[in-house]
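Have a look at the structure below, then the notes.
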Amino acid sequence: QCTVGTCDESADQCTADPLANGTACDNGDSCAGDTCQAGTCQAQTCGLDHIIFAQVSYDTPGTDSAEEFIELFNPTGAAVSLSGWTIEDNNGSWSVPGGTTIGAGQYLSIARQSNGFENLYGIYPDISGLSLALGNSGDRLTLFDGADQEIDAVAWEGYVSGWSIYASTGQSIVRSDL
């Protein structure tokens, strides 16, 4: 049986498949497990491979400056250091505190004020001190890594064309493809 390329049963050997690049079937993404069967690449699709915005609470039930928060999610299989990372909105930038790491499959809550978050949810956020004032009538958040590469973005209430998602007062926008 062939695991790489196309199986030539008459010669009892594998031959390189054009999709296999002569070594192994690989569709070019970061997921492992692609296989070549009968000359066709059977690619494995992978989930998200970068830190993402999972939830944003921008129009809180009380005082926005105390209760707003952002939640990040790490869908990868490894912990990621967020040292040097920043989050920007339409009015400014906030730096993730040095030494912050988000574990594989873990969430990280970042709140404006620790007490405001705790009063709403009964737990303290992972990080407080977020200085961005999230716009209730539209805004955009962009996550940049330590090399200033854009990693993820989210926008709401039409601030960016095509991003018409919104949350009623006291609700959050939540990423649904996790």
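The values are calculated or read from the model by the stated rules, or taken from the named source; none is laboratory data. What you are looking at is a predicted structure, and each value in this text was computed from that prediction instead of being measured. Please note: Cβ atoms are built from the backbone with ideal geometry, for glycine as well, and neighbour counts cover all protein chains shown. Ligands, DNA and RNA are excluded from the accessible area calculation, which covers all protein heavy atoms including side chains. Shrake-Rupley method; radii C 1.70, N 1.55, O 1.52, S 1.80 Å.
Points worth noting:
- Residues satisfying the stated conditions in the stretch 125-149, i.e. in a loop (DSSP other than H, G, I, E, B), under 22 Å from Val80 (Cβ atoms) and not small (Gly, Ala, Ser): Pro125, Asp126, Leu130, Leu132, Asp145, Asp148, Gln149
- Residue that is under 27 Å from Tyr159 (Cα atoms) and touching a helix residue (DSSP H, G or I) at 6+ places or on another chain (Cβ under 9 Å), where the choices are Gly84, Gly116: Gly116
- Considering only residues in the stretch 54-71 that are among the acidic types (Asp, Glu) and surrounded by fewer than 21 Cβ atoms within 10 Å (Cβ to Cβ), the one that is nearest to Gly138 (Cα to Cα) turns out to be Asp64.
- Within the stretch 45-58, the set of residues being in contact with a Ser or Thr (Cβ under 7 Å, 6 or more places away or on another chain), of a type outside the set (Gly, Ala, Ser) and at pLDDT 95 or above comprises Gln55, Val56.
- Condition met for Thr63 (out of contact with any Ser or Thr (no Cβ under 7 Å at 6 or more places or on another chain) and at pLDDT below 90): no
- Members of the stretch 91-123 that are assigned to a loop (DSSP other than H, G, I, E, B), open to solvent by 60 Å² or more (accessible area, probe 1.4 Å) and under 24 Å from Gly138 (Cβ atoms): Asn91, Gln113
- Only a single criterion out of (1) within 20 Å of Asp49 (Cβ to Cβ); (2) of a type outside the set (Gly, Ala, Ser); (3) surrounded by fewer than 18 Cβ atoms within 10 Å (Cβ to Cβ) is not satisfied by Asn74, namely (3).
- Residue list for the stretch 160-171, restricted to those being more than 23 Å from Trp85 (Cα to Cα) and touching a residue at least 12 places away in the same chain (Cβ under 8 Å): Trp163, Ala167, Ser168, Thr169, Gly170, Gln171
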